[in-house]
Amino acid sequence: MANRFGVKLQSRLPNLAGIFPFSAPITSTNSVQCCSKAQNSRIVGKRRAIRCRNIHRRLVLGIGVSLWSQFMSMAGNVGAKSFVASARQKGAIEQVLKNVEWPEQFPFKDEDFQRFDESSDTLFYEMPRFVTHIDDQAIAALTKYYSEVLPSSNTPGVAVLDMCSSWVSHYPAGFKQEKIVGMGMNEEELKRNPVLTEYVVQDLNNNPKLPFGDNTFDVITNVVSVDYLTKPLDVFKEMLRVLKPGGHAIMSFSNRCFWTKAISIWTSTGDADHVMIVGSYFHYAGGFEPPQAVDISPNAGRSDPMYIVYSRKIATA
């Protein structure tokens, strides 16, 4: 049965995805972890762990939640129980994007893409961070997934774009292609990335126009950064333009973030909600196949979760 979105606003956010009321701190493993992406991260020369703080939902909520309540009010084969709340069950993430009946219009407002910190992203990312933003087990799971879906190394004519890139792309060891472009915010990080053949420094929140020709890339990847995009539809439409027909776009994310820079609709919702949010970007950008979700989390509850939402450019788009 299709997942159907309701049209009435819900009056209480706690009914959304089984998360806590406004006054409760975020402690659920199914909710976004509002802590630095550098938690459990590896810093060149030494290792540092940053303790995650419980951030009250009201602080990170933003002002677009009522629309998300409308978007996520589901009916169908789950009855009165929230479909998204079932994401705690094994394999449920893969069901989030199955047979979705999307609203006719993009259901989000500008307010949903505001951040707690609206200061310059260029200044925020000015200093290089030679860190890994997910733990080693999640990295290994992502690299394994890439080994199964990326084109074989040195495939003639293959071009890859690593969007929101840094000093590491998490591709399989020895992965090479004639053209691997990194696009990110910090030049020193991009220079350090050994897999890139070239790089571009660009703030997609300031300028979402990609500086590439139509039908350039076979694959676009984005690791734990889709939650920072304030103009996601513009970016996804550009991704569609620069992908070759049949090209593969892979968005991966966890529950780690720089919470002050993540969009409000992300910080106020949980893991399965994030799958639906990213899926909506593909859908409303147009020209993509129906998006699909994969849960590649290596050890539920014992390591960082890891999720994939992916799609392909329709061959005739």
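Annotations for the structure displayed:
- Any hit, the range 253-261, residues being within 25 Å of residue 141 (Cβ to Cβ), free of Cβ contacts under 8 Å to residues at least 60 places away in the same chain, open to solvent by less than 10 Å² (accessible area, probe 1.4 Å) and touching a strand residue (DSSP E or B) at 6+ places or on another chain (Cβ under 8 Å): yes
- Selection from the range 281-305 of residues that are touching a helix residue (DSSP H, G or I) at 6+ places or on another chain (Cβ under 8 Å) and either under 19 Å from residue 263 (Cα atoms) or in a helix (DSSP H, G or I) (or both): 281, 282, 284, 285
- Cross-chain or 6+ apart pairs with Cβ under 7 Å, the range 218-246 first and within 15 Å of residue 280 (Cα to Cα) and at pLDDT 95 or above, then small (Gly, Ala, Ser) and surrounded by fewer than 19 Cβ atoms within 10 Å (Cβ to Cβ): 240/287; 240/317
- Counting only strands (runs of 3 or more DSSP E) that sit wholly inside the range 85-204, those with at least 2 residues that are open to solvent by 50 Å² or more (accessible area, probe 1.4 Å), at negative phi and modelled with pLDDT of 90 or more are 198-201.
- Tally of residues being polar (S, T, N, Q) and in a strand (DSSP E or B) across the range 213-267: 3
- Filtered residues of the range 271-295 (kept if farther than 19 Å from residue 109 by Cα, of a type outside the set (S, T, N, Q) and in contact (Cβ under 8 Å) with a residue 40 or more places away in the chain): 271, 272, 287, 288, 290, 291, 293, 294, 295
Per-residue answers, yes or no, for (1) within 30 Å of residue 290 (Cβ to Cβ); (2) touching a residue at least 24 places away in the same chain (Cβ under 8 Å):
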| site | (1), (2) |
| --- | --- |
| 100 | yes, yes |
| 103 | yes, yes |
| 180 | yes, no |
| 189 | no, yes |
| 196 | no, yes |
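The values are calculated or read from the model by the stated rules, or taken from the named source; none is laboratory data. All values derive from a computational prediction rather than experimental measurement. Virtual Cβ from ideal backbone geometry, glycine too; neighbours counted across all protein chains shown. Side chains are part of the model used for accessible areas, which takes the heavy atoms of the whole protein and leaves out ligands, DNA and RNA. Shrake-Rupley method; radii C 1.70, N 1.55, O 1.52, S 1.80 Å.
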